[in-house]
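Step one of this worksheet: look at the structure below.
The values are calculated or read from the model by the stated rules, or taken from the named source; none is laboratory data. No experiment lies behind these values; they were computed from the predicted model shown. When we count neighbours, we look across all protein chains shown, and the Cβ atoms used for this are built from the backbone with ideal geometry, even at glycine. Note: areas computed on protein heavy atoms with side chains; ligands, DNA, RNA excluded. Shrake-Rupley method; radii C 1.70, N 1.55, O 1.52, S 1.80 Å.
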Amino acid sequence: MCGIVGYIGHRDAQSIILKGLQRLEYRGYDSAGIALFDGKNINITKTKGKVSDLDNKINNLKFRGSQIGIGHTRWATHGIPNDVNSHPHCSNSGEIVLIHNGIIENYAAIKTELINRGYSFKSETDTEVLVNLIEDIQKSGNYMLGKAVQIALNQVVGAYAIAVFDTKKPNEIIVAKLGSPLAIGVGKDEFFIASDASPFIEYTNNAVYLEDEEMAIIRLHKEARYRKIKSDTLFDPYIQKLKLNIEQIEKGGYDHFMLKEIFEQPKAIVDTYRGRLSVNQGLIKMAGVEDYIEKFLSAEKITVVACGTSWHAGLVGEYIFETLARIPVEVEYASEFRYRDPIITKKDIVIAISQSGETADTLAAIKLAKKHGAFVFGICNVVGSSISRETDAGAYTHAGPEIGVASTKAFTTQITLLTIIALRLAKAKGTISQTNYKKYLVELENIPSKIEKVLEANPGVEKIAKIYKDASNFLYLGRGFNFPVALEGALKLKEISYIHAEGYPAAEMKHGPIALIDENMPIVVIATKYGHYEKIVSNIQEIKSRKGKVICIVTEGDTQVKEIADHVIEVPLSSELLSPLLTTIPMQLLSYYIAVLLDKNVDQPRNLAKSVTVE
Ligand code: G6P
C-alpha cells in the first residue's frame, strides 16, 4: 500500500519523482524516499513523514540534474515508519537499489538464508531482503540484472510492484508486478514508472499497465522489453491511450480535495448515468448488464463484497435491489467473506464494489467467488484497475479521480450505478410498474440539481460544526434506506476528525446506545419525509427526553421535526429510495468542517490510506 515512481530520460528526475510521489500520497504517507543517479554518483534521501518533508530535506542537499531515479511513499507494513525503513533500499554492495509496493510473505526464511551467506540488514523491511536476494542471485550466477530479478521473483511469495536499477548499468530500470499495480508511461526517449498514471499525465498519454507476473526492462534510447516472469516469454504490450487530464487531479481552487470532491458530486452523478439513462425513451442501457442479462435474471441471490465506504454503498444497494428487482441480496465485508466458507454457487451473482479497484480483500473475495463458479460483476471507479480486470463483467462509475482519503463522490456514484442496474433488472423482471419506473428515471435525472441545492446550505452546516467540534462522541441514526447512510456519516467523522462516532438503525438505539445519551452527546438523525417519518420523530423525542443534542436532516418545509430538534439541515423532497444521495451530503460537509476546525489533515488522515492493497 505504497506509491512508487520512477523516471529514466532527459528531464530532471528529481522534480518528476517528487511531484509524482505527492500525487500518490493517497496510497500511504508515513515516510518517503528517493534515489537519484547521475551515471556516476547515487544519492539516496529518505525520511519519516510526508513527501513535503522529503522535498525539504532533499532541497537542502541539492541533487538536481539526475536523469534516472526512483521514489517511494510508504504505508508501513514491516517495520515502523522511520528513515531507515523507508524505501529505496540498497543491496549490501550498495550497487542495486529498489523500491517496492506490496509484501514479501516468505521474507523471513529468505533473510535467514541470506544471513547465513554473510548478508547483513539495516532495516526491518521485507524489501531489503528482496534487494539482497537479487544481488545474491546476480553475483552467484553472474547474471544481468533483469535475469537476476526474474529468478528472485520466482522465489518469493507475496505481492509486489517493484522498480530496481543497478549502478553498474546506469541506463536501465527493471520493473515487475504481481498483485500491486504498476503503470509505465511511454514518452519519446523517456519512460515513467508509477503506481498509477497520475504522476506522468502531463508528459505522455501512452501507458502500459503491467499484468500480474509481468516485467519490463526499460532502457534509455531503446525499446522497452516486456517479459512474462514465469514462462520467460517476451510479449508486446498493449499501449493504452489515457483520458485523464491534469485539472482532474488538482484542487481547482478548493482548500482540500475532499471539499472539491463533495462539490463535484452533481457532475460525477451525471457522468455516471450519462449514456446509460434515456429518460425520454424510458430506457436504461448498460453493456456490462445487457450482455449478461439472463444471468442476472436467473440469479438466485446477489452477494455484494466490498470494504469501507463501498461496503456502505453495497448496503444501500441491498435495499434498492430487493425493493425494485426482488432479488435477495447479502452484503459482506470482503475481508470476512474471503476467509469463511460462503455458500456461493454458479447460480449466484457476486457484485464487487470498489472505488480504487485495488483493495486486496475485495480482490481476494472475487477470486474465491469465481472459484465457486459465481458470475462476478465489478463496480469500480478507477479504469483499468485490478478489480475491473479480474471480474467477469462490470461498469465504471466514471466519478473521476477521488484523491481525498475519505470517500465521498465514490459513494454517491456507486449508489447511482446500483440504482440504474436495479431499475434495469426490475423492468426486465416485471417487478416494477411502468409508472414507478418512469418516476425513478426522472427523479434520478434530477438528483444532481437537488444535490446542488443541498450544497448551497453549506454555511449552515459549518455553523453546526462550530458548535459541536469539541464533542468526544457522536451518534448517527437512520432507518431503512438511510440506515447505511448513518453508518457512512459516522465513518466520515471518525476518519477525518478522529472523533468517536457510531451509526445505528434509529430503532436499535433503545437496545444500547440510548445509555450513552446525555446533554453532551450530539446525535445526527436522518428524518426525511418518506420512510418511517413518524417512527423517527418518536426516536427524536426519546433523545430529547434524555437531553441529547439533535441535528436533523429533514425534507424542505418540515415543521414537526423543526419544533423539537436543536438544528435542522434541509434537503429537497425525494422518494425514500433515492434519498441517500441527498442525505449523505450534509454528513460529508459536517465531518469536513469539524475536521478543518480541529485542524486535522482532511485529505490525508492519520493511519489511513486511500487504496488498501494489503489484507
Ligand atoms: C480505504 C479507504 C476508504 C475506502 C476503502 C475501500 O479504507 O480509506 O475510503 O472506502 O478503503 O476502498 P475501495 O477502493 O475498495 O472502495
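For segment 242-256, which positions are part of a helix (DSSP H, G or I) and without any contact (Cβ under 8 Å) to a residue 24 or more places away in the chain? It would help to see each step written out before you state the result.
In the first step, residues of segment 242-256 are kept if they are part of a helix (DSSP H, G or I); the result is 246-249.
The answer is Glu247, and nothing else.
Tallying residues that are open to solvent by less than 10 Å² (accessible area, probe 1.4 Å) and not polar (S, T, N, Q) within segment 154-192 yields 18.
Val175 falls short of the stated requirement of being modelled with pLDDT of 95 or more, touching a strand residue (DSSP E or B) at 6+ places or on another chain (Cβ under 7 Å), part of a loop (DSSP other than H, G, I, E, B) and under 21 Å from Gly102 (Cβ atoms).
The set of residues from segment 117-150 being surrounded by fewer than 17 Cβ atoms within 10 Å (Cβ to Cβ) and more than 30 Å from the chain's Cα centre (by Cα) comprises Arg117, Gly118, Ser120, Phe121, Lys122, Lys139, Ser140, Gly141, Asn142, Tyr143, Met144.
Somewhere in segment 549-564, is a residue surrounded by fewer than 23 Cβ atoms within 10 Å (Cβ to Cβ) and either in contact with a Cys (Cβ under 7 Å, 6 or more places away or on another chain) or assigned by TED's automatic domain parsing to the domain that holds Glu261 (or both)? Checking segment 549-564: at least one residue is surrounded by fewer than 23 Cβ atoms within 10 Å (Cβ to Cβ) and either in contact with a Cys (Cβ under 7 Å, 6 or more places away or on another chain) or assigned by TED's automatic domain parsing to the domain that holds Glu261 (or both).
Name every residue in segment 557-601 that is within 16 Å of the ligand (Cβ to nearest atom) and at pLDDT 95 or above, in order of residue number. Step through it out loud before you land on a result.
Restricting attention to segment 557-601, the residues satisfying the condition of being within 16 Å of the ligand (Cβ to nearest atom) are 580, 584, 587-588, 591-592, 595, 600-601.
Within segment 557-601, Pro580, Thr584, Met587, Gln588, Ser591, Tyr592, Ala595, Lys600 meet the criteria.
Filtered by the rule that a residue be more than 16 Å from the ligand (Cβ to nearest atom) and either basic (Lys, Arg) or in contact with a Lys or Arg (Cβ under 7 Å, 6 or more places away or on another chain) (or both), segment 400-447 gives Ile420, Arg424, Lys427, Lys429, Thr431, Tyr437, Lys438, Lys439.
Residues checked against (1) open to solvent by less than 10 Å² (accessible area, probe 1.4 Å); (2) under 22 Å from Lys346 (Cβ atoms):
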{"site": "Ile269", "(1), (2)": "yes, no"}
{"site": "Arg276", "(1), (2)": "no, no"}
{"site": "Gln281", "(1), (2)": "no, no"}
{"site": "Glu294", "(1), (2)": "no, yes"}
{"site": "Thr303", "(1), (2)": "yes, yes"}
{"site": "Cys307", "(1), (2)": "no, no"}
{"site": "His312", "(1), (2)": "no, no"}
{"site": "Glu318", "(1), (2)": "no, yes"}
{"site": "Ile327", "(1), (2)": "yes, yes"}
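Can you give me the number of residues within segment 376-417 that are of a type in the set (A, V, I, L, M, F, W, C), touching a Phe, Trp or Tyr at 6+ places or on another chain (Cβ under 7 Å) and either farther than 25 Å from Glu250 by Cα or in the same structural domain as Leu242 (by TED's automatic domain parsing) (or both)?
Looking only at that region, the number is 1.
Here Lys544 meets each of (1) part of a helix (DSSP H, G or I); (2) closer than 21 Å to Leu493 by Cβ; (3) not β-branched (Val, Ile, Thr) with one exception, condition (2).
Residues that are surrounded by 20 or more Cβ atoms within 10 Å (Cβ to Cβ) and touching a Cys at 6+ places or on another chain (Cβ under 7 Å) do not occur anywhere in segment 431-452. What's the number of the only condition in (1) part of a helix (DSSP H, G or I); (2) in contact (Cβ under 8 Å) with a residue 24 or more places away in the chain; (3) among the basic types (Lys, Arg) that Lys111 fails to meet? Just one mismatch for Lys111, condition (2). Looking across segment 565-599, the residues that are acidic (Asp, Glu) and on the phi < 0 side of the Ramachandran plot come down to Asp566, Glu570, Glu576.
Listed here are the residues, each with its yes/no results for (1) among the β-branched types (Val, Ile, Thr); (2) modelled with pLDDT under 95; (3) buried (at least 23 other Cβ atoms within 10 Å of the Cβ).
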{"residue": "Ser388", "(1), (2), (3)": "no, yes, no"}
{"residue": "Pro401", "(1), (2), (3)": "no, yes, no"}
{"residue": "Gly404", "(1), (2), (3)": "no, yes, yes"}
{"residue": "Ser407", "(1), (2), (3)": "no, no, yes"}
{"residue": "Leu418", "(1), (2), (3)": "no, no, yes"}
{"residue": "Ile421", "(1), (2), (3)": "yes, no, yes"}
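Out of the residues in segment 193-226 that are of a type in the set (Asp, Glu) and either in contact with a His (Cβ under 7 Å, 6 or more places away or on another chain) or not in a strand (DSSP E or B) (or both), state the one that is most open to solvent (accessible area, probe 1.4 Å). Residue satisfying both the conditions and the ranking: Glu223.
Taken together, the residues in segment 24-52 that are open to solvent by 40 Å² or more (accessible area, probe 1.4 Å) and under 24 Å from the mean Cα position of the chain (by Cα) amount to 3. Can you spot a residue in segment 64-72 that is more than 29 Å from the chain's Cα centre (by Cα), β-branched (Val, Ile, Thr) and assigned to a strand (DSSP E or B)? Within segment 64-72, one or more residues are more than 29 Å from the chain's Cα centre (by Cα), β-branched (Val, Ile, Thr) and assigned to a strand (DSSP E or B).
Among the residues of segment 257-280, those identified as in contact with a helix residue (DSSP H, G or I) (Cβ under 7 Å, 6 or more places away or on another chain), among the charged types (D, E, K, R) and part of a loop (DSSP other than H, G, I, E, B) are Glu264, Arg276. Against the list (1) touching a Gly at 6+ places or on another chain (Cβ under 6 Å); (2) among the small types (Gly, Ala, Ser); (3) modelled with pLDDT of 95 or more, the condition Gly288 fails is (3).
Filtering segment 453-476 to residues that are farther than 22 Å from Glu556 by Cβ and open to solvent by less than 30 Å² (accessible area, probe 1.4 Å) leaves Tyr468, Ala471, Phe474, Leu475. Selection of first residues in segment 533-554 that are closer than 21 Å to Gln588 by Cβ and of second residues that are exposed (fewer than 13 other Cβ atoms within 10 Å of the Cβ), restricted to Cβ pairs under 8 Å at least 6 apart or on distinct chains, gives the following pairs, ordered by first then second residue: Lys549/Glu519. When Lys494 is tested against (1) in a helix (DSSP H, G or I); (2) buried (at least 22 other Cβ atoms within 10 Å of the Cβ); (3) under 28 Å from the mean Cα position of the chain (by Cα), only condition (2) is not met.
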